[in-house]
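A short write-up of the structure that comes next.
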Amino acid sequence: MFSYRHAFHAGNHADVLKHTVLIATLEHMLEKDAALTVVDTHAGAGLYRLDGDYAGTSGEAAEGILRLLASKKAPAAPTAPTTSAAPAPAAKSASKKAAPEAEAPLADAIARYLEVIHDFNPNGGARVYPGSPFIVQHLLRDHDKLKLFELHPTDGRTLSANIAQLEAGRQISVLNEDGFGSATKFLPPPSRRALVLMDPSYEMKTDYGRVLDFAAEALKRFATGTYAVWYPIIPRPEAHDLPRRLKTMATKSGKSWLHATLTVKSSKITKDAASGETQRPGLPASGMFLINPPYTLKPLLAAALPQLAERLGQDRNATFSLESGG
Ligand code: SAM
């Protein structure tokens, strides 16, 4: 059941999308003084080493945060932002470099994401990669709360040890419990302000249905909370249906929603010409779906997503989409 370890995937293109959206959402919510509770239903280990064995073996960060950092030095061609529901035109190959004078300023949401990564790596680079618990804790104020759920016994222990070093006291709770099963107990929080991140591994296909059940229950208990779901875009009916069903749920509840996707490469399975071996592309794309998103998020992502597609795109299929409703 528990073969997924986020350490193999930390800092990949999906983390770049997820954490860029997370920071932009959180920073808007922190503009109000009233206390905020953040619930992370699938927290992971909290902090990762990109020069360690796990990340080194998968090499996924090389196509995510490390590529984004490198693209800051080698300017990418600007791409016109779109906020339409239709997929944007394919981004140009990231290997095609524009003349330096064509460099577009980095979109604010990406710049903030990279600043946060820099805070964990004051000497530059990204040897240390903060997962969602550390990103959130880094931004929270003293009177805010963070509730972290992690069911994997090893990652749960690592998360507890990492969090203990922060000496954050009662501000942060680490629960070695099923996030889908018990995180709604924190809703609504006393201040009636909360951001809930649902970021399962989708290792089991039942995770798709559990996200929907959890979101429905959470909305029933706390209709004005902000809910953010990450999901993989892979050729599987459940993955295809998830954003559609979340959209229906939000619309039926009269709630606003936002849906952002980032595709970095083709999802086609190919055959190596020489060896004849089947080559699977790895994760080609992912999405973030938010219910009750901050109104500031859409314009921030309209500027950021084309740059992410441009800078992280691996082939001519690289693209993004951004739509909202309610
Ligand atoms: N949110 C993290 C981040 O952005 O850094 C990454 C989380 S990772 C994609 C998903 C995590 O959920 C894994 O560490 C996995 O062990 C854990 N997990 C799986 N099922 C769970 C459940 N039912 N409740 C809580 N955690 C679970």
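The three principal axes of the Cα atoms in segment 92-234 give end-to-end lengths of 53, 37, 32 Å, sorted in falling order.
The H on the amide N of LEU175, modeled in the peptide plane, is under 5 Å from the matching H of LEU148, PHE149, GLU150, each at least 5 residues off or on a different chain. Residue by residue, segment 200-209 carries 3J(HN,Hα) couplings of x, 7, 6, 4, 10, 5, 5, 4, 4, x Hz when phi is fed to the Karplus relation 6.51 cos²θ - 1.76 cosθ + 1.60 (θ = phi - 60°); x denotes Gly or Pro. Quote the FRET efficiency, to the nearest 0.05, computed for ALA216 versus SER3 with a Förster distance R0 of 41 Å and r equal to the Cβ-Cβ distance. Taking R0 as 41 Å, the efficiency between ALA216 and SER3 is 0.90. Of the listed pairs LYS185/LYS265; LYS145/LYS265; LYS145/LYS298; LYS205/LYS268; LYS18/LYS72; LYS32/LYS147, which have alpha-carbon separations greater than 29 Å here? Violating the 29 Å limit, Cα to Cα: LYS185/LYS265; LYS145/LYS265. If you roll a 1.4 Å probe over segment 191-326 with all protein chains in place, what percent of the accessible area is carbon or sulfur? Its accessible area is 52 percent carbon and sulfur atoms. Rounded to the nearest 20, the Cβ-based charge dipole of segment 202-299 about its Cα centre (Lys and Arg +1, Asp and Glu -1) stands at 340 debye.
Average accessible surface for segment 173-326: 43 Å² per residue, computed with a 1.4 Å probe over protein heavy atoms with every protein chain in place. The charge dipole of segment 124-181, taken about its Cα centre with unit charges on the Cβ atoms of Lys, Arg (+1), Asp and Glu (-1) only, comes to about 160 debye.
As a ratio to 2.2 N^0.38 Å, the alpha-carbon radius of gyration computed for segment 118-196 takes the value 1.18. Computed on the Cα atoms alone, the convex hull of segment 195-266 gives a volume of 91 cubic angstrom per residue.
Springs between Cα atoms under 10 Å define the GNM used for the chain, and in it the highest mean-square fluctuation of HIS143, HIS240, HIS152 occurs at HIS143. Peptides 271-280, 286-295 ranked from most to least packed, by the mean per-residue count of other Cβ atoms within 10 Å: 286-295, 271-280. Rolling a 1.4 Å probe across all protein chains gives LEU212 an accessible area of roughly 20 Å².
Here the gap between LYS32 and ALA273, fully extended at 0.36 nm per residue and compared with their Cα-Cα distance, gives a gain of 81.0 nm. Both radii were evaluated on the Cα set of segment 199-321; the Rg over Rh quotient, with Rh as the Kirkwood radius, amounts to 1.04.
Please grab the % of Cα pairs in the chain that end up more than 31 Å from each other. Roughly 27 percent, once rounded to a whole number.
The values are calculated or read from the model by the stated rules, or taken from the named source; none is laboratory data. Computed from a predicted structure; not experimentally measured. Virtual Cβ from ideal backbone geometry, glycine too; neighbours counted across all protein chains shown. The protein model used for the area step is the full one, side chains on, heavy atoms only, and it has no ligands, DNA or RNA in it. Shrake-Rupley method; radii C 1.70, N 1.55, O 1.52, S 1.80 Å.
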